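Comments concern the structure below.
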Amino acid sequence: MEDSTQANPTNQINQNNQINMNNQNSQINQNNMYGQKKQTTKISNQVKIITAIIILILLIIGVLIFIIMYGSTKVSTNFIEDDDEFKTRTTPYYIDETVIVHTKIKNFASDKSRNFRLTYGMEVINPSGQVIESLSEPRLFDIVEHLEEDQAVYHFTARIPTLNFEPGDYTIVSTITDNNAGDSYETSKTLSISYPDKVMLAGPYFSGMKSSGNIIQYDKGSPIIMTIQARGYMTVGTLADLELSVVLLNKQGELIPELSDTILNLKQVNNPGEDVFNMPVRMDTSELAPDTYNIMFIANDKLGGESHSVIRQVSITGG
């Protein structure tokens, strides 16, 4: 009699097949999990590489910005109102005004002893493209100073008289040489000079003086010979109403009446619209003691309702 507990061959086969399928599914699952893990690792590595590249690019950009803003020498030039405050001049310039040129240099080099060495030069080029030598050559000079702990900027100022300028566009070229770094930098600025749109005096232009400079010098007894020019006063056709006076002051500011007077009352011009008048002036010095004096010219345009004055210092020498 057969044992009833003996396994059925068919059942045994089914069980074996089931086991094999389970093993295959398990292997497939393991392979899938391995593949997913490998793919995740690959993506993660790619993200890290991209992130590193982005960080590197940002660092390079940051370094370049730092060099441009803080690490490289920077030179700029402006016209200013006041060389103490460095306030930028925004209004136009007229003939006979003094132009103050302000040049600023930043991030210059210093040596081991914290000394900086700068050379500054300036050229004034007229509207025809020619260098005005008298205003350009004396402006070249060297600066050797100790760099203070908080010093990052150095200022140069130069004054340009426009007494003999003609209307037009002038070019001011400033050159800075950083001798420690061995580099030179150049900036240029256009200076526009025009006739005034209201009464303005040009001069006085002196002649026959002993010497000139900041103070005009004459020997006692020699006449002070000048020409004063009025521009921009109002005319109506050939009608004008311009009063021109000269005032002589001693160095205490006291009036010397015998040499102060109204020297012109212009009521008519030769041509309609003419607004330039040259007035020769001769002042006797025989009664003046050797000293320093101030000569003031005052123009009063009664038609235009405007006035203007200029003052020049003159020194009388000798006995």
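For the range 165-184, does any single residue satisfy the condition of being over 26 Å from S76 (Cα atoms) and assigned to a loop (DSSP other than H, G, I, E, B)? The answer is yes; a qualifying residue exists. Candidates in the range 199-220 are the residues that are in contact with an Asp or Glu (Cβ under 7 Å, 6 or more places away or on another chain) and outside any strand (DSSP E or B); of these, the one that is modelled with the highest pLDDT is V199. Scan E254, E306 and give me the residue that is at pLDDT 90 or above, out of contact with any Ser or Thr (no Cβ under 8 Å at 6 or more places or on another chain), surrounded by fewer than 16 Cβ atoms within 10 Å (Cβ to Cβ) and assigned by TED's automatic domain parsing to the domain that holds I224. Sole residue among the options that is at pLDDT 90 or above, out of contact with any Ser or Thr (no Cβ under 8 Å at 6 or more places or on another chain), surrounded by fewer than 16 Cβ atoms within 10 Å (Cβ to Cβ) and assigned by TED's automatic domain parsing to the domain that holds I224: E254. Return a yes/no flag: does the range 263-272 have any residue that is surrounded by 12 or more Cβ atoms within 10 Å (Cβ to Cβ), part of a strand (DSSP E or B) and touching a residue at least 60 places away in the same chain (Cβ under 8 Å). So far as the range 263-272 goes, no, none of its residues is surrounded by 12 or more Cβ atoms within 10 Å (Cβ to Cβ), part of a strand (DSSP E or B) and touching a residue at least 60 places away in the same chain (Cβ under 8 Å).
M283 fulfils the conditions (1) under 41 Å from the mean Cα position of the chain (by Cα); (2) in contact (Cβ under 8 Å) with a residue 24 or more places away in the chain except for a single criterion, (1).
Filtering the range 273-319 to residues that are hydrophobic (A, V, I, L, M, F, W, C), farther than 28 Å from K210 by Cβ and outside any strand (DSSP E or B) leaves only L303. For the range 120-140, the criterion of a residue being under 19 Å from the mean Cα position of the chain (by Cα), modelled with pLDDT of 85 or more and of a type in the set (S, T, Y) is satisfied by at least one position.
Please pick out the residue among I298, I256 that is under 37 Å from the mean Cα position of the chain (by Cα) and of a type in the set (V, I, T).
Working: I256 fails: under 37 Å from the mean Cα position of the chain (by Cα).
The conditions single out I298.
Taken across the range 259-270, residues that are modelled with pLDDT of 90 or more and under 38 Å from the mean Cα position of the chain (by Cα) do not occur at all.
Can you pull out the residues in the range 110-129 that are buried (at least 16 other Cβ atoms within 10 Å of the Cβ) and over 15 Å from V173 (Cβ atoms)? Selection gives S110, F116, R117, L118. When the range 254-296 is filtered for residues that are polar (S, T, N, Q) and touching a helix residue (DSSP H, G or I) at 6+ places or on another chain (Cβ under 7 Å), nothing remains.
Looking at the structure I just gave you, is Y170 in contact with a Leu (Cβ under 8 Å, 6 or more places away or on another chain), aromatic (F, W, Y) and at pLDDT 85 or above?
Yes.
Pairing each residue of the range 187-200 that is free of Cβ contacts under 8 Å to residues at least 24 places away in the same chain with any residue that is surrounded by fewer than 16 Cβ atoms within 10 Å (Cβ to Cβ), provided the two are 6+ apart or on different chains, yields C-beta distances under 8 Å for T190/D169; T190/T171. When you look at M226, is it part of a strand (DSSP E or B), out of contact with any Phe, Trp or Tyr (no Cβ under 8 Å at 6 or more places or on another chain) and either assigned by TED's automatic domain parsing to the domain that holds L163 or surrounded by 12 or more Cβ atoms within 10 Å (Cβ to Cβ) (or both), yes or no? So M226 does not fit the description; no.
The values are calculated or read from the model by the stated rules, or taken from the named source; none is laboratory data. Remember, predicted model here, so these are calculated numbers, not experimental data. Cβ atoms come from the backbone with ideal geometry, glycine included; neighbour counts cover every protein chain shown.
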